[in-house]
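So the structure is just underneath, and the comments pick up after that.
The values are calculated or read from the model by the stated rules, or taken from the named source; none is laboratory data. In this text, all values refer to a predicted model and were calculated from it rather than measured experimentally. When we count neighbours, we look across all protein chains shown, and the Cβ atoms used for this are built from the backbone with ideal geometry, even at glycine.
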Amino acid sequence: MITLHSKRLLVMLFVSCFMSGAHAQQNSMQFMSAANAKVAKASALKSKWDGPTSGPQLAKDKKIIFIAHDMSDAGTYGVFTGMKEAAVGTGWQVLPLDCRGQCNQGAGVVKQALEMKPQGIVLAGVDAASQTKGLAAAADAKVPVVGWHASFKAGAVPGLFTNITTDPKEAAQIAALFGAAESNSKAGIVVFTDTSTPYMATKSGAIVEVLRQCEACRILSVEDLPLAETRKKFPALIEGLVKRHGAKWTHVIAVNDIYFDMLDKPEIESMVSGNKLRGISAGDGSSTAYKRIRKSDLQIGSVPEPLFLHGWQLVDELNRAMSKVAPSGYNSPLHLVTLQNINYDGGPKDVFDPSNDFRAKYLSYWGK
């Protein structure tokens, strides 16, 4: 069940994307020129630090509750790992509270975290709009809450000190443009999404919006399959898609790498072997995605999250909140990983870890 806020958002997104004539199509030459320029910028080496260079000294001995939408998701787990790494030697306890995909179905999870008497809370992949009562209770208790993907919007969000996220629309646009450019604008595309969260609903809406501007691209369908249900429902869904679209289905653009993990399973792979699918993900840069891209096997690109960097930033933002200092306002730049640039920015370790020396930058003013 999703919130009323989320439902309104989804309606607006999909109406805007599918209304006839809502976006004028560009001719192939114009579209490809713009697509290639944006793809080249996103693919560039991320070696320059553009984040904060000053802030409060890091406080010691804090208990932080990390509320996770689903710890089995590689992105959520990567951010949690980044937080643990940043907190080494500080006396911070970073304790996970895993909703296993059910956080948005009730307002009690933040109150549950408060019962553990923390000095700070992280809301990771959980829609802040679904936790209004809990966030109000946190405010009353003067316990700061920082979000990670708790909204499709970065920065100030009601109930949160700040929300850390890459721009979902921008990530979606890069994935869609790369898919169109790679196919030379001759693609039969299925989009996979999970509209149970506004963040991923925003991504799929933006993917469709971009592809509608490509006169030679054909969107075969948009499949709304919650991540938590992929194992159970994916085989029947893929069988139906192959029967409906046959050889016309050439590309997959998904809001998360998990869909490719499912496509990569032998029983599913055999169903689509005749399609020779090419896939691009608008998030989140899992290790399995890197391995597929390196082999040019099914998945050819991903717009990964700088998960460890986001974990360090969560520590920094929580420390700012506890120190009564304003949020940093930092929003890390997007990156597209492909076979051409996979050997940079952490790629050899199957992760997007920017080579901008962010750890040293934070440590320089934390005084750790």
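For the range 223-254, residues that are touching a residue at least 60 places away in the same chain (Cβ under 8 Å) and not aromatic (Phe, Trp, Tyr) total 9. Look at the range 134-156: where a residue is closer than 22 Å to residue 94 by Cβ and a partner is of a type in the set (Phe, Trp, Tyr) and not in a strand (DSSP E or B), sitting 6+ places away or on another chain with Cβ atoms under 8 Å, you get 149/199; 151/199. Answer yes or no as to whether residue 364 is over 20 Å from residue 292 (Cα atoms) and under 22 Å from the mean Cα position of the chain (by Cα). Spelling it out, it is not the case that residue 364 is over 20 Å from residue 292 (Cα atoms) and under 22 Å from the mean Cα position of the chain (by Cα).
For residues in the range 110-127 being assigned to a helix (DSSP H, G or I) and crowded, with 24+ Cβ neighbours inside 10 Å, which is farthest from the chain's Cα centre (by Cα)? Among them, the one singled out is 113.
Results for (1) of a type in the set (S, T, N, Q); (2) touching a helix residue (DSSP H, G or I) at 6+ places or on another chain (Cβ under 6 Å); (3) over 20 Å from residue 328 (Cα atoms), shown as yes or no for each residue.
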site	(1), (2), (3)
129	no, yes, yes
144	no, yes, no
149	no, yes, no
166	yes, no, no
174	no, yes, yes
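Taken as a whole, the condition of being assigned by TED's automatic domain parsing to the domain that holds residue 133, touching a strand residue (DSSP E or B) at 6+ places or on another chain (Cβ under 6 Å) and either in a helix (DSSP H, G or I) or surrounded by fewer than 23 Cβ atoms within 10 Å (Cβ to Cβ) (or both) does not apply to residue 178.
For residue 312, the criteria (1) touching a Lys or Arg at 6+ places or on another chain (Cβ under 7 Å); (2) not in a helix (DSSP H, G or I) hold in every case but one, which is (2). Run residue 245 past the list (1) touching an Asp or Glu at 6+ places or on another chain (Cβ under 9 Å); (2) assigned to a helix (DSSP H, G or I); (3) buried (at least 16 other Cβ atoms within 10 Å of the Cβ) and report the number of the one that doesn't hold. Going through the list (1) touching an Asp or Glu at 6+ places or on another chain (Cβ under 9 Å); (2) assigned to a helix (DSSP H, G or I); (3) buried (at least 16 other Cβ atoms within 10 Å of the Cβ), residue 245 breaks only (1).
Mind checking which residues of the range 285-306 are polar (S, T, N, Q) and either outside any loop (DSSP other than H, G, I, E, B) or surrounded by fewer than 24 Cβ atoms within 10 Å (Cβ to Cβ) (or both)?
First, the residues of the range 285-306 that are polar (S, T, N, Q): 286-288, 296, 299, 302.
287, 288, 296, 299, 302, listed by residue number.
Residue by residue through the range 181-214, note down the ones that are hydroxyl-bearing (Ser, Thr, Tyr), under 15 Å from the mean Cα position of the chain (by Cα) and outside any helix (DSSP H, G or I).
Initial filter on the range 181-214 (hydroxyl-bearing (Ser, Thr, Tyr)): 183, 185, 193, 195-197, 199, 202, 204.
Remaining after also requiring under 15 Å from the mean Cα position of the chain (by Cα): 193, 195-197, 199, 202, 204.
Result: 193, 195, 196, 197.
Considering 146, 88, 94, the condition of being modelled with pLDDT of 95 or more, assigned to a strand (DSSP E or B) and farther than 28 Å from residue 195 by Cα is satisfied by 94 alone.
Look at residue 274 and say whether it is in contact (Cβ under 8 Å) with a residue 24 or more places away in the chain, within 25 Å of residue 237 (Cα to Cα) and crowded, with 18+ Cβ neighbours inside 10 Å.
Details: in contact (Cβ under 8 Å) with a residue 24 or more places away in the chain: yes; within 25 Å of residue 237 (Cα to Cα): yes; crowded, with 18+ Cβ neighbours inside 10 Å: no.
No; evaluated as a whole, the condition is false for this residue.
Inside the range 213-232, residues that are closer than 18 Å to residue 194 by Cα, modelled with pLDDT under 95 and surrounded by fewer than 17 Cβ atoms within 10 Å (Cβ to Cβ) make up a count of 4. Restricting the first member to the range 50-78 and to residues that are in contact (Cβ under 8 Å) with a residue 40 or more places away in the chain and surrounded by fewer than 19 Cβ atoms within 10 Å (Cβ to Cβ), and the second to residues that are β-branched (Val, Ile, Thr) and assigned to a loop (DSSP other than H, G, I, E, B), the beta-carbon pairs closer than 6 Å and six or more apart or on different chains are 56/325.
Going by what's in this entry, would residue 341 be described as at pLDDT 95 or above and touching a helix residue (DSSP H, G or I) at 6+ places or on another chain (Cβ under 7 Å)? Quick ask: steps written out before the conclusion?
On the way: at pLDDT 95 or above: yes; touching a helix residue (DSSP H, G or I) at 6+ places or on another chain (Cβ under 7 Å): yes.
Yes; evaluated as a whole, the condition is true for this residue.
When the range 132-155 is filtered for residues that are touching a strand residue (DSSP E or B) at 6+ places or on another chain (Cβ under 9 Å) and either among the hydroxyl-bearing types (Ser, Thr, Tyr) or more than 21 Å from residue 311 (Cβ to Cβ) (or both), the ones remaining, listed by number, are 134, 135, 139, 151. Looking at residue 43, is it within 21 Å of the chain's Cα centre (by Cα), surrounded by 14 or more Cβ atoms within 10 Å (Cβ to Cβ) and modelled with pLDDT of 50 or more? Answer is yes for this residue.
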